[in-house]
Structures are given as structure tokens and as C-alpha cells.
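First comes the structure, then the notes that go with it.
The values are calculated or read from the model by the stated rules, or taken from the named source; none is laboratory data. As the structure is a computational prediction, the values presented were derived from the model and not from experiment. We place every Cβ from the backbone using ideal geometry, glycine too, and count neighbours over all the protein chains shown.
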Amino acid sequence: MRAPTPGLEHLGHLSGTSEEFVAAVLPRVRSTLAAGGRVSAVVERRTRRALVEALGPDVAIGFPTAGALRTAPSDGFLAHVRDTATPAGGLVLAQYSVFDLADTDLRAGEEEVNRLPADLPVTLVCACAHDDRDARVTTLRATHPRLLHADGIRVNPGFHGVADPLVLPRPDDVRVLSVAVRGTVDLRSLRVRVEAAARAAGLAEDDVHRAVIAVHEAAVVVGSAVWPGRVACAVQVWAGVRSLAAEVRGPKPARPDVGTATDRLPRHPGRRPGLLDHVRLFCRAAVVDDGDEVRTIRLVTG
């Protein structure tokens, strides 16, 4: 693994065991310490033991607990990442398993990391187990520009910046579904039809289920504010190369931040609920476009 970079680096790592995670990050830990940088590890006890065994009991690594970093809710960990940055470079190791966060809040926190200053001299390596919840694996794959593997770092093709534009249909897309959803009674039929389209497009089994949930959640976000009046939202789905893209359109509610199920979920103080929190858990990218009279959600799954 190469020496730390002078700017922010946000790496994701999928592993089976704590030992695999430690083996992957050890070169970066050693190079950061050798350069006089600061290293912090917000990790499981087993991972901490493996690091100490590999580097010695006197190794200059901080081991804060996730609980200690939640004194300022979601800002606590971000502040810790900023504080770990030094001119010589900083390194933060974080395992998803130690954070007692809802999946939506974990996703939002990862996206906030990508909004930190690009010249911040710190590397954050986030680790998730292969067999963790689907939503967490999806979050790791979608929010990290590059992935750390046992043999080095590679560009992550599944990464989508939080503000990336999303234009549909894509050049090779073929429309496979167009349906009006007039209320919750239509959601079951929508799920069945999206599942059939996903299978026909050749998506893997897990990706089929994620596509179904993503389109369902997008329909709920658009439709829940207008369905009491039996106003339809329009759903279009396109099939690409082992992926689906969808667009859900409906009347824009009078108060765009009110009326969806996500607004009634408990949240940390100081963070406004996101309309797409639940949608983004199950897709590679999702954006909302509020025009003068129409709300549109576009998403890509698979």
C-alpha cells in the first residue's frame, strides 16, 4: 500500500474477518506512523487486539469508542476525522459493526465524509463485513470512490457522488415498464412488475430484491403526499446491462419537506431528514428534482 496522500482519501473495505481487515490496512498504518502522522482506530475489540499484536503494545494508535464520538451526534465522528488530520497525514480506521446507527444515518454520515475539504490531510478506511446487512454493504459500495483490497487500492465503479446528475434514460436503456400508481393498493402490483423486469434484465438475486424495494420507496416518497386525492404518480422503468433505471413523477406537494414516511422517522438532532434516505439504501444512485409543479425521482439499481 502506498504512502498517505496529502489530501482526503475515503476508502471502503469489504472483508470476512478482523484479521483480513488488519492485514489490508497494516501497510498504511505503518507508513502513517513512520511519517509522524496520527492514527485512530474505531474498531471491534478483536481488531484492536490484532493491531496491537502486529505492531506491539506501545504502538501510538488511539482507540476511541464509537459511543464516545456520539456526544455531538453525526458531527462527532466527522469532527474526529478532521481532528486526526495533521500536516504529516492522518489515518482513521472505522468498522461499521461498532456504530449503533440506523442504516439511513450511516449512509448520510458516509455522504457527509465526501463533503469534507478535499485538501484535508487524512485517510478514512471504512470496513464492512461481506455478510453484513444488504443495506450496509450497499452503502459501502456506493459512498467510497475507491476500495481497499488485499492486493491494493482500486477505483470503485459503484461509487456515485452525492451530487452526481442522473439523466434517464441512459443511452443503452430499453423501457420495460410504464405504470400509474394511484395509491398504496397499487404498490403490490408495482413490486411484482418491477421484480419481473429485474429478472428479465439478468440482475443477480440480491439486486432484484434491492431494485424492487428502491422503486417501491421512490413511489412512496412521490405518492404519499398526493395519494389521498387519488392523484397518480407515473413510474417508468428501463433495463440496461444488468441494471435497472427508474423514474417516478408526480405532483409536487405544497410543502416539499413534509408528507413522506421518512419525515416521521426519529433522527439525530441537527440533521434534516432526507427524502431519499430509504431509496438510497437499495440503489447505486438516486436524485430528486423538484420543478415548479412536478416532483421527479430518478434512480439506478443493479
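The criterion of being at pLDDT 90 or above and either outside any helix (DSSP H, G or I) or crowded, with 16+ Cβ neighbours inside 10 Å (or both) holds for residue 22. Contact map, the stretch 136-156: residues that are farther than 11 Å from residue 107 by Cβ paired with residues that are assigned to a helix (DSSP H, G or I) and of a type outside the set (Val, Ile, Thr), Cβ distance under 6 Å, separation 6+ or inter-chain. Pairs shown: 148/24; 150/24.
Assess whether residue 55 counts as being in contact with a strand residue (DSSP E or B) (Cβ under 9 Å, 6 or more places away or on another chain), at pLDDT 90 or above, more than 22 Å from residue 277 (Cα to Cα) and buried (at least 18 other Cβ atoms within 10 Å of the Cβ). The answer is no for residue 55. Scan the stretch 156-175 for residues that are at pLDDT 85 or above and either assigned to a helix (DSSP H, G or I) or aliphatic (A, V, I, L, M) (or both) and jot them down. Across the stretch 156-175, the qualifying residue is only 174. Residue 68 - would you say it is closer than 28 Å to residue 34 by Cα, out of contact with any His (no Cβ under 8 Å at 6 or more places or on another chain), without any contact (Cβ under 8 Å) to a residue 60 or more places away in the chain and assigned to a strand (DSSP E or B)? For residue 68, the condition - closer than 28 Å to residue 34 by Cα, out of contact with any His (no Cβ under 8 Å at 6 or more places or on another chain), without any contact (Cβ under 8 Å) to a residue 60 or more places away in the chain and assigned to a strand (DSSP E or B) - is not met. You will find that of 178, 189, the residue that is loosely packed, with under 14 Cβ neighbours inside 10 Å, in a helix (DSSP H, G or I), among the hydroxyl-bearing types (Ser, Thr, Tyr) and more than 20 Å from the chain's Cα centre (by Cα) is 189 and no other.
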